[in-house]
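Below you'll find the structure, written out as structure tokens, and then a few comments.
The values are calculated or read from the model by the stated rules, or taken from the named source; none is laboratory data. Here the structure is a predicted model, which is why all the values come from computation and not from measurement. Virtual Cβ from ideal backbone geometry, glycine too; neighbours counted across all protein chains shown.
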Amino acid sequence: MQSPAKFLKHKGWHQTTIIALVGGIYVLGSWFLKFDNLNGLLAIPKAFAWLGVNFRPTANSMEYLPRIWQKLIQTVLLAISSTVVAAIISIFVALLGSKVTGINGFVQTLVRGVASFFRNIPLVAWSMILLFSFKQSDFTGFLALLLMSIGYLIRAFMEIIEDEASETMLALKATGANYFQVIFQAVLPQILPSILSWILYMIENNVRDATLVGILTGTGIGFIFDIYYKSFRFDAAGMTVLAIIIVVIGLETISNQIRKVIL
Amino acid sequence: MINSEETNTIIQKPKLPDSPEIKLHEKSLSRTMIIAVFIGLILITGYTLTHLDTAGVQINQAFKELITTLNQMFLQPNAGTDGVTLLLQALGSSLLLSILTTIIGAVFGFLFAVLASKNLTNAYLGAGIRVVMAIIRAIPTIIWALIFSIVCGLGTTAAILGLSFHSVAYLTKAYSESIEGIDNSTIESLKVTGAKFWVIIFQAIWPTIVASFVSWTFIRLEINFANAIAVGAAAGAGGIGYQLFVASGMSFDFHETGFIVYLVILVTFVLEFIAVKIRRFYLNR
Amino acid sequence: MLEVKDLQKSYEKDKPALTNISFDIKPGTFVAIIGPSGAGKTTILRSLNQLIKDDGGQILLDGNDIRTANKTQLRKYRRQIGMVFQNYNLVERLTVIENVLHGRLGYKSTLAGVFGRYTQEEKEEAMSLLKKVGLENFALQRCSELSGGQKQRVGIARSLIQHPKVILCDEPIASLDPASAQNVMELLKDLTEEYNLICIANLHQINMAKKYADQIIGIRKGKLVFDENADLLSEDILRTLYDQDITKELE
Ligand SMILES: Nc1ncnc2c1ncn2[C@@H]1O[C@H](COP(=O)(O)OP(=O)(O)OP(=O)(O)O)[C@@H](O)[C@H]1O
Ligand SMILES: [Mg+2]
């Protein structure tokens with residue numbers, strides 16, 4: 001047994017080491033990246049001052065509003081549909097791959113590996129290779145978001161099934177119910193609220209990611225922001241950002257209300 | 001004569017002894033809501049997919065092309081004209097970028113989280129911080145990076161600031177939710193000893209949430225790595241993201257694209273592995 | 001009649017969790033399995049309905065061996081064997097009556113089961129069983145809103161609607177307060193007599209075992225060390241069973 005004094009001293013050392021380590025990484029990292037912390041810090045107020053002057057939507061920028069709005073709606077629809085399709089695919093795969101409802105060890109490992117692989121391929125890579133084959137179209141954006149979401153949702157759904165459904169699953173198995181009965185009567189009713197909660201989260205996230213995909217593939221709200229930005233129509237770009245803020249916060253609020261009711 | 005009434009009764013099925021239908025569940029708001037949201041989402045999806053603009057691309061043809069591309073990427077990867085050294089350097093700088101911004105995010109995120117948590121500070125300050133953070137979070141990282149690159153010029157500084165902004169806002173929310181989950185008695189028991197605010201924070205709050213703090217920080221590190229790549233590609237901020245963008249979108253060298261993707265996946269696997277180890281270490285203490 | 005002969009199981013090689021367990025139980029008997037933690041009680045119980053695949057022996061329910069049954073046959077046996085869990089294992093989001101009706105799934109076609117179509121008779125039986133366990137006013141309540149004791153009674157009703165010959169209870173009262181525990185034990189005891197069931201319960205409370213069980217089976221390190229009428233359980237045996245003096249607990 002350690003003496004209390006020794007333990008506290010050890011703990012103190014432990015903390016000091018970690019702080020020194022993290023600080024060291026930070027300083028070295030800044031040096032490698034040639035990141036000037038002071039200038040960076042000063043850039044923030046400068047940036048906001050600049051934003052205040054140039055990004056402020058003027059009476060003029062109102063004319064852009066219909067077009068921005070149309071693209072934004074389109075982006076939200078794309079985010080929703082890609083999430084829903086991804087969720088439908090993922091729930092089947094997750095049922096096959098989870099430890100509780102899965103078929104066998106081999107399939108479980110395979111599903112885990114594939115999901116992890118999909119999740120970790122950068123969105124940029126998906127966007128670019130899809131752009132190459134599917135050209136500049138909404139379908140490209142849809143596919144990029146879809147493939148990305150599938151990776152996330154499979155893993156999330158498998159964890160939900162394993163956390164929430166294993167006990168009831170066992171109970172129904174013991175009554176002599178068969179596989180499909182157990183899935184539909186025990187597993188799905190139990191996990192549906194959590195699944196829905198994740199779908200809502202993924203939709204919010206996809207609206208944000210759609211901006212990136214849009215910039216790369218020339219679709220939706222990202223495209224229009226990029227155009228305004230590159231042609232120095234900053235008031236219109238500011239308008240676009242404002243519209244994004246409103247929609248994302250709106251979606252978040254609606255999701256939270258829905259979660260409150262269903263969970 | 002047989003009257004019609006009698007024939008009727010013979011043909012008619014005997015009525016069941018009147019037992020009322022037994023209901024299995026009542027109408028509940030939560031059930032209705034779940035069904036309504038699902039139906040709503042599916043209808044929206046159906047509408048969107050049937051009205052999707054495909055720019056006149058032959059879908060079959062495009063899928064065939066995609067398979068070829070994927071084949072080149074994943075089955076025949078090579079370092080291409082850039083060479084392994086350059087790619088590894090770029091990978092390293094993207095990784096550093098994500099670590100740096102995660103550290104910034106963690107430090108400021110924790111400070112703001114303490115000030116924003118409902119059980120620690122006054123309501124107005126907390127609400128104010130939460131609103132500001134929600135707005136910052138609503139703006140995608142890539143747009144933050146583009147905004148800062150107007151002032152600082154395209155490059156690392158803009159990327160770091162852009163990524164940091166989103167990280168701080170994200171982690172503030174995550175940490176403050178952990179702090180708000182702390183049992184009130186823990187805080188009160190220290191308050192009654194007359195301990196100062198920051199003493200309470202570091203003696204009671206910090207040890208309680210350290211495990212979830214570590215968890216969230218590593219989740220953010222993974223997100224930041226992905227974001228560093230995105231910003232590199234879409235805002236020209238350098239790093240492996242930029243190389244990826246050039247290989248896949250300008251020189252169309254999908255062998256190199258594949259190589260870069262493998263490098264990225266390797267790093268995310270390592271990050272995930274480390275995260276699991278460290279999380280386990282803090283959970284078992 | 002349930003006969004278990006030479007039941008064996010090891011999770012890891014050369015580390016037997018069960019060695020040559022044999023016992024007989026007649027209908028209408030309430031059996032308590034006691035023994036220290038890790039002795040193998042759960043393993044025995046779960047082998048009886050083959051949730052755990054054992055390694056050897058025989059499990060005869062009215063003369064038919066459950067162990068050699070194929071998948072379809074096994075489901076038929078399982079519906080004759082109810083199971084009650086320490087953590088209730090209910091679908092918390094569904095209503096009490098829906099959870100009770102889950103006990104009928106083994107008798108239904110896949111499609112009817114998948115869509116949860118139950119006949120009027122089944123629903124009526126569910127109601128009458130809920131009355132029996134004292135929950136007739138809770139039928140439409142969500143299970144997440146019930147107390148532990150109430151949840152356990154839902155679990156018991158779910159196993160009864162299977163028309164079981166055997167009910168297996170793995171520590172049915174371990175998560176309950178003393179009053180609810182008494183209540184559940186009494187219910188199980190009464191039901192055993194009323195329906196002429198075989199009821200097997202893993203228990204950690206020796207006083208409960210003595211009070212309610214007709215027959216007691218003692219397990220220690222995977223071996224059967226006691227299998228007698230409940231009255232014959234002596235302090236000596238308890239001492240060998242638990243490696244320590246627990247006479248105090250008996251008081
Ligand atoms: N899935 C498993 N894998 C490996 N070993 C296991 C597994 N389940 C149980 N064991 C081992 O088998 C032995 C018997 O376990 P069992 O769960 O049957 O004990 P128990 O009598 O029910 O204990 P308790 O009273 O704590 O519930 C223990 O030594 C345990 O470590
Ligand atoms: Mg046990």
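Structure notes:
- The sole residue among A:29, A:23 that is at pLDDT 85 or above, at the interface with another protein chain (Cβ under 9 Å from one of its Cβ atoms) and buried (at least 17 other Cβ atoms within 10 Å of the Cβ) is A:29.
- For the criterion of being modelled with pLDDT of 90 or more and within 14 Å of ligand 1 (Cβ to nearest atom), residue C:69 fails.
- If you check A:90, A:81 for being among the hydroxyl-bearing types (Ser, Thr, Tyr), over 28 Å from residue B:149 (Cα atoms) and either more than 12 Å from chain B (Cβ to nearest Cβ) or exposed (fewer than 14 other Cβ atoms within 10 Å of the Cβ) (or both), only one passes: A:90.
Yes/no per residue for (1) within 11 Å of another protein chain (Cβ to nearest Cβ); (2) in contact with a helix residue (DSSP H, G or I) (Cβ under 6 Å, 6 or more places away or on another chain); (3) over 19 Å from residue B:167 (Cα atoms); (4) not basic (Lys, Arg):
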residue	(1), (2), (3), (4)
B:204	no, yes, yes, yes
B:219	no, no, no, yes
B:228	yes, yes, no, yes
B:242	yes, yes, yes, yes
B:247	yes, yes, yes, yes
B:253	no, yes, yes, yes
B:256	no, yes, yes, yes
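- A Cβ distance below 6 Å, combined with a sequence gap of six or more or placement on separate chains, defines the contacts here; from the stretch C:56-69, residues that are touching a residue at least 40 places away in the same chain (Cβ under 8 Å) reach residues that are polar (S, T, N, Q) in the pairs C:56/C:8; C:57/C:8.
- Taking the criterion of being near ligand 1 (Cβ under 7 Å from one of its atoms) and either under 19 Å from residue C:6 (Cβ atoms) or within 14 Å of chain A (Cβ to nearest Cβ) (or both), the residues of the stretch C:26-39 that qualify are C:35, C:39.
- Every residue from the stretch C:155-175 that is away from ligand 1 (no atom under 16 Å from the Cβ), touching a helix residue (DSSP H, G or I) at 6+ places or on another chain (Cβ under 6 Å) and of a type in the set (D, E, K, R): C:158
- Check on residue A:231, over 16 Å from the mean Cα position of the chain (by Cα) and of a type in the set (Ser, Thr, Tyr): yes
- Within the span defined as the stretch B:197-205, one or more residues are modelled with pLDDT under 85 and among the small types (Gly, Ala, Ser).
- In the stretch C:40-56, the residue that is farthest from residue A:177 (Cα to Cα) out of those that are within 11 Å of ligand 1 (Cβ to nearest atom), surrounded by 20 or more Cβ atoms within 10 Å (Cβ to Cβ) and more than 11 Å from chain A (Cβ to nearest Cβ) is C:40.
- Whenever a residue of the stretch A:90-105 is under 22 Å from residue A:145 (Cα atoms), it has no partner that is surrounded by fewer than 13 Cβ atoms within 10 Å (Cβ to Cβ) lying with C-beta atoms less than 6 angstrom away and at least six residues away or across chains.
- So residue C:23, is it more than 16 Å from ligand 1 (Cβ to nearest atom) and not polar (S, T, N, Q): no
- Complete set of residues in the stretch B:87-129 that are free of Cβ contacts under 8 Å to residues at least 24 places away in the same chain and either outside any helix (DSSP H, G or I) or within 14 Å of chain A (Cβ to nearest Cβ) (or both): B:89, B:92, B:96, B:103, B:107, B:121, B:122
- Qualifying residue in the stretch C:124-135 (condition: in a strand (DSSP E or B), over 21 Å from residue A:186 (Cβ atoms) and more than 8 Å from chain A (Cβ to nearest Cβ)): no
- Residue in the stretch C:190-209 that is under 17 Å from residue C:28 (Cβ atoms), among the aromatic types (Phe, Trp, Tyr), at pLDDT 90 or above and not in a loop (DSSP other than H, G, I, E, B) present: no
- Here the helices (runs of 4 or more DSSP H) wholly within the stretch C:1-120 that include at least 2 residues being polar (S, T, N, Q) are C:41-48, C:71-78.
- Count - residues of the stretch C:170-224 that are within 12 Å of the chain's Cα centre (by Cα) and within 15 Å of ligand 2 (Cβ to nearest atom): 8
- Residues satisfying the stated conditions in the stretch C:94-144, i.e. touching a residue at least 40 places away in the same chain (Cβ under 8 Å), under 23 Å from residue A:183 (Cα atoms) and either β-branched (Val, Ile, Thr) or surrounded by fewer than 18 Cβ atoms within 10 Å (Cβ to Cβ) (or both): C:95, C:96, C:97, C:100, C:140, C:141, C:144
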